[in-house]
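What follows is one structure encoded as structure tokens, with my remarks underneath.
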Number of protein chains: 2
Amino acid sequence: MERRQLEYFVAIVEQGGFTHAARALRVAQPSLSRAITKLEHELGVELFHRVGRNVVLSSAGEMLADRARLVLRDLDAMRAAARSIGEGAVGRVDVAATSSSALEPVTSIIAELREHHPGVVVSTSSALSAAEVIAMVVQGRCEVGVCGNAERPTGRGLVAHHLRDEEFLLVVPPGAIVSSGPAVSPDQLRGMRFVVTKPATAVRALFDRLAATIGDMAIAAEVGDRSVVLPMVLKGIGAGLMPDGWADLARRAGAEVYRFDPAERLPQWLVHRRGQLTAATQAFVDTTLASGRD
Amino acid sequence: MERRQLEYFVAIVEQGGFTHAARALRVAQPSLSRAITKLEHELGVELFHRVGRNVVLSSAGEMLADRARLVLRDLDAMRAAARSIGEGAVGRVDVAATSSSALEPVTSIIAELREHHPGVVVSTSSALSAAEVIAMVVQGRCEVGVCGNAERPTGRGLVAHHLRDEEFLLVVPPGAIVSSGPAVSPDQLRGMRFVVTKPATAVRALFDRLAATIGDMAIAAEVGDRSVVLPMVLKGIGAGLMPDGWADLARRAGAEVYRFDPAERLPQWLVHRRGQLTAATQAFVDTTLASGRD
DNA sequence: CCAGTCCTATAGCGTCTTGCTATGGAACGT
DNA sequence: ACGTTCCATAGCAAGACGCTATAGGACTGG
């Protein structure tokens, strides 16, 4: 039972005869004869009554015609969906991102992408580390990834575009004034307690590096979910290190936010595998690069 | 986009790879490669990401896989429906019948048929005359027909089975005693007024024959719908001629019912075209002949 | 780091299906 | 009785799909 057979079947039903249907389908009439004969044999049911030189839909055929139409409608819907996806009109982009990257720049990219491609849905898969993002892209679990990494990510068939640099900020509980200016030097961190994320994340790497240099920096809490760092800081449990995407939110919440002097920056990268991308994904990449170009 | 391609597509999705799917489908792996490549080209969408020596479903593929499964489910449902119809488990029998035949014996046949084939639906198309019933069968608009006719119906490729004889009865308004016994002779009809159906029906043929023999039989009303004859008789408009199937109902309604002496009988026939019948229709014919055999 | 293994893609070839044209046969209209 | 109008069948060319063999890329174990 192939699609063509059903197509012929409903055409004959609608045209009321083999000959008319053949003309409408632009095939020879014997092709219909054979296709229907085969279908009838396959289904074990007589679809048409051959009466005189005409055919009449049998009761079985009548019952099956509706189902056949349903199948063809679904098939058409699927083809239409595929076309939309192929043209990038609709589709889904799976983006692997670390949670800091997921906030910024991905949120901005999504906002811009939706202006030109309203049908495209962006789904972000959170990864814990840049390495994990890259792994997801390389393994094909996502088509693109966004992550911060000191070096340009490399890998078999991997393409990396440099986005803006992310800046890490110091966030301390409300009222805990650390410096009179807008920036702090690493030395001023001495003796402070921190809420940190688990190892293998960019912020944790920064913390470890600072701790190794400064010494005397204590861990107040280590959390698996980075989104709870700010709430813990706000409760006074300790200070936190956060990407600049969080700064606005932290300030609104009452926390004190300081830049580092010198600034702690981390390049952010857009990565995808070499080769043809899905139309929706290509749109995502194009949008990202167009807006990220400074 | 043929059924086989979709079948392969979902198999690969479910098995997680071409090779496993090929084993499950019992085809060679290259067949899958080519089928999917063709499908992707046809849809203009990459269904799988080829990553390393494996494949991963793309987001487009993910969106289309559900639709493909839907199509295949519908296709299976259709196949199952066809099988049921083919086996006669379910199905519909279109029976052409005159309205008198539709009452009896068709009603009894339906009752018996439903015992052995509960899934079979009988649809009766009412015809005005035996000639019309035969025409509908010959033209294939119905597979079988039931009608009363003095002679065995003949026609190109027509098969006719004799059923029981239908007996016509005289029905008169309540209280209008015609005879002391259960039967009347034609002479007793003299001077009576009748409610009759339109020409070309079996009862009208009987009336016309009697009227020609007896003379002095008046038409009180001629109705197009035979079902209104009994109500009109009950209101005293005139007497009526009815097949025996109506007798019980007429008596319950208070009318007086008499047989004719000699009895007025009309053979009833089951007709269908020569050749293979739909399973459900064959069941209908078998049931009819089995119960009608006296 | 190299060989072995695993998986998909391609090539080459045989068979089955589908397309076509030509023709038969039955049924209808004139 | 004839021609017309259908569907069915026959015969043949082109395409689709089956298979095996093999290439190529990527992981694994020594």
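The values are calculated or read from the model by the stated rules, or taken from the named source; none is laboratory data. Keep in mind that what you see is a predicted model, and the values were worked out from it rather than measured. Note that we place each Cβ from the backbone using ideal geometry, even for glycine, and neighbour counts take in every protein chain shown.
Structural remarks
- Residue in the stretch A:75-95 that is at the interface with chain B (Cβ under 9 Å from one of its Cβ atoms) and over 23 Å from the mean Cα position of the chain (by Cα) present: yes
- Residues in the stretch A:144-157 that are within 13 Å of chain B (Cβ to nearest Cβ) and modelled with pLDDT of 85 or more: A:Val144 only.
- Answer residue from the stretch A:40-74, given it is more than 8 Å from chain B (Cβ to nearest Cβ) and under 18 Å from B:Arg73 (Cα atoms) and is nearest to the chain's Cα centre (by Cα) among those: A:Arg73
- Within the stretch B:195-212, considering residues that are part of a helix (DSSP H, G or I) and of a type in the set (Lys, Arg), the one surrounded by the most Cβ atoms within 10 Å (Cβ to Cβ): B:Arg204
- Sole exception among (1) of a type in the set (Val, Ile, Thr); (2) closer than 22 Å to B:Ser129 by Cβ; (3) in a helix (DSSP H, G or I) for B:Val271, by number: (3)
Conditions tested, residue by residue: (1) near DNA strand D (Cβ under 8 Å from one of its atoms); (2) over 17 Å from A:Val71 (Cα atoms); (3) crowded, with 18+ Cβ neighbours inside 10 Å; (4) not assigned by TED's automatic domain parsing to the domain that holds A:Gly61.
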residue: A:Tyr8; (1), (2), (3), (4): no, no, yes, no
residue: A:Thr19; (1), (2), (3), (4): yes, yes, no, no
residue: A:Arg23; (1), (2), (3), (4): no, yes, no, no
residue: A:Ala28; (1), (2), (3), (4): yes, yes, no, no
residue: A:Leu32; (1), (2), (3), (4): yes, yes, yes, no
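- Candidate set: the stretch A:101-131, residues that are in a strand (DSSP E or B) and small (Gly, Ala, Ser); chosen: the one nearest to the other protein chains (Cβ to nearest Cβ): A:Ser123
- Screening A:Val45, A:Val55, A:Val122 for residues that are more than 16 Å from DNA strand D (Cβ to nearest atom), crowded, with 19+ Cβ neighbours inside 10 Å, touching a residue at least 12 places away in the same chain (Cβ under 8 Å) and of a type in the set (Val, Ile, Thr) leaves exactly one candidate, A:Val122.
- Within the set B:Arg156, B:Arg152, B:Arg141, the sole residue that is assigned by TED's automatic domain parsing to the domain that holds B:Val106 and under 11 Å from the mean Cα position of the chain (by Cα) turns out to be B:Arg141.
- Helices (runs of 4 or more DSSP H) (entirely within the stretch A:1-100) containing at least 3 residues that are more than 16 Å from DNA strand C (Cβ to nearest atom) and hydrophobic (A, V, I, L, M, F, W, C): A:59-87
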